[in-house]
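The values are calculated or read from the model by the stated rules, or taken from the named source; none is laboratory data. Computed from a prediction, not measured in an experiment: that's the story for all the values here. Quick reminder, even Gly has a Cβ in these numbers, built from the backbone with ideal geometry, and neighbours come from all protein chains shown. Accessible surface is based on the protein model in full, side chains and every heavy atom, while ligands, DNA and RNA are left aside. Shrake-Rupley method; radii C 1.70, N 1.55, O 1.52, S 1.80 Å.
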Amino acid sequence: MIQVEYRPDTYLGVLKMDAENRKGLEALMSTVVTDIVAGIDTTYADKLIITDNFEEDVLAFQTEHNYTSTGITNNGVARAQGKTLIDRETGRYTIILDSNFGVTLVDDKLFEVILQLALGQEEECRAQRATSRNLVAHEFTHVDFESTHARPTFGASYREQLKSVAWLLYDEYNACRNAASIEPISFIPDDEKYVIEIERLLIDARRNYTLRRIDQNEFGAQFSEYTRLALIYIVSSVGDAEGAKKEAPDYMHCRAAHVVPALVKALHAMRRTIETDNYDEALVALAEAVRLYHEQFKVFITNVSQGEYWDIPVVLDWLD
């Protein structure tokens, strides 16, 4: 059974979590979560924490376990709802879930009570329950993948960092694909408008750099974050579509459209070879797709003896 720790003081703001109620709710949620992840290897999963202090609890775990860098995705474009974290001393994983998703991880009987408390919102509640199940399967797939496949050691060069991003992208694609095969209603939106918005931020950052409103260090940080986030959205939608057996967006209104075919081809090659640890060629191809995406924004990065050289030519039509 998957151990569940429910941290909020109440359930739905109605049921006070005294010791008895908490024990009963956690046992019920444990049964439901264990059923959701029945087809996933959870050997190295320690527990699932449901919290109404999501970001604070993630940062506290990272600090307590001496992470070299702490943080969680939370910006104007995306906010994480679940996080898979490892205790490096034990090799076991803790999953932390925002209570907005966690509250619906209950059986049909208690879910009917939720519907009674939310009259007129039944459709939204059912969708929330489905996306919660998808999110749980997603996070436990991360545990399965990360405990089965040791993350390679990547160097500091630009080429090596491209491979590091590529590894992250495959992990996300794999998690979304598996989760959608268990529960096809994804917690990750697959509308291309999200990538369009991220690309708008990328172009704004490039314009601000060209006009000397920000320096290269600030631009580099924004560029790396937003390109990575856009690519995560894209590979997530590809994995989600394949797992749910539906059509993925083609991103034809995005600059990403030029690299999506290469991304998909490399992801499929990784999936065919990952189990035999013979994925080097596919990982390089996936990293190359990341580089091509960078170049869609006329940003050309190379390694020189002093470090990285960023060639960012002025593109006048982007200044309008």
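Relative contact order of segment 211-320: 17 percent, from C-alpha pairs under 8 Å at least 6 residues apart in sequence. The charge dipole of the chain, taken about its Cα centre with unit charges on the Cβ atoms of Lys, Arg (+1), Asp and Glu (-1) only, comes to about 560 debye.
What does DSSP give for the chain in terms of the percent of beta bridges that are antiparallel, rounded to the nearest 5?
On the way: 14 of 24 bridges.
For the chain, the DSSP antiparallel bridge percentage is about 60.
Highest mobility in the GNM of the chain, judged by mean-square fluctuation with C-alpha springs under 10 Å and restricted to Ser99, Ser157, Ser147, is found for Ser157. Take the alpha-carbon centre of segment 72-119, take the same for segment 7-38, and report the distance between them in whole Å. Result: 12 Å between the Cα centres.
Counting only C-alpha contacts under 8 Å and six or more residues apart, can you give the relative contact order of segment 96-208 as a whole percent? Result for segment 96-208 is 30 percent.
Which percent of the Cα-Cα distances in segment 113-261 go past 22 Å? Of all Cα-Cα pairs in segment 113-261, 52 percent lie more than 22 Å apart.
Could you give the accessible area per residue of the chain, probe 1.4 Å, as a whole number in Å²? Don't jump to the answer; show the numbers that get you there.
On the way: 16170 Å² over 320 residues.
Result: 51 Å² of accessible area for each residue.
Relative to its residue count, the chain spans a Cα convex hull of 160 Å³ per residue.
Give a quick list of trypsin sites (Lys or Arg not before Pro) in segment 46-121 that DSSP marks as loop, anything other than H, G, I, E or B, with at most 16 other Cβ atoms within 10 Å.
Values: sites: Lys47, Arg79, Lys83, Arg88, Arg92, Lys109; in loops: Arg88.
Qualifying residues, ordered by number: Arg88.
Any of Lys163/Lys265; Lys23/Lys47; Lys47/Lys246; Lys193/Lys246; Lys163/Lys298; Lys246/Lys298 with alpha carbons more than 22 Å apart? Name them for me. Working shown, then result.
Working: Lys163/Lys265 16 Å; Lys23/Lys47 15 Å; Lys47/Lys246 32 Å; Lys193/Lys246 18 Å; Lys163/Lys298 20 Å; Lys246/Lys298 33 Å.
In this structure, Lys47/Lys246; Lys246/Lys298 lie more than 22 Å apart at Cα.
Loop-resident GluC sites (Glu not before Pro) (DSSP state other than H, G, I, E or B) in segment 65-159 with no more than 11 further Cβ atoms inside 10 Å of their Cβ: Glu89. Taking every C-alpha pair closer than 8 Å and separated by at least 6 residues, the mean separation divided by the residue count of the chain gives a relative contact order of 14 percent. Find which of Val235, Val299, Ala282 sits farthest along the positive direction of the dipole of the chain, computed with +1 on the beta-carbon of Lys and Arg, -1 on that of Asp and Glu, about the Cα centre. Of Val235, Val299, Ala282, it is Val299.
Taking a 1.4 Å probe, which of Arg212, Arg126, Arg200 shows the most accessible area, and what order do the others take after it?
Order by accessible area, largest first: Arg212, Arg126, Arg200.
For a straight C-alpha distance cut-off of 15 angstrom, the aspartates and glutamates reachable from Lys245 (same-chain residues fewer than eight places away being disregarded) are Glu183, Asp190.
When the accessible area of the chain is computed with all protein chains present and a 1.4 Å probe, what percentage of it is carbon and sulfur? Show your work: numbers first, answer last.
On the way: 7770 of 16170 Å².
Percent of accessible area from carbon and sulfur atoms in the chain: 48.
Under the membrane-span-like helix rule (DSSP H runs whose alpha carbons stretch at least 24 Å along the helix axis, mean Kyte-Doolittle hydropathy 0.0 or higher), the chain yields 19-36, 216-244.
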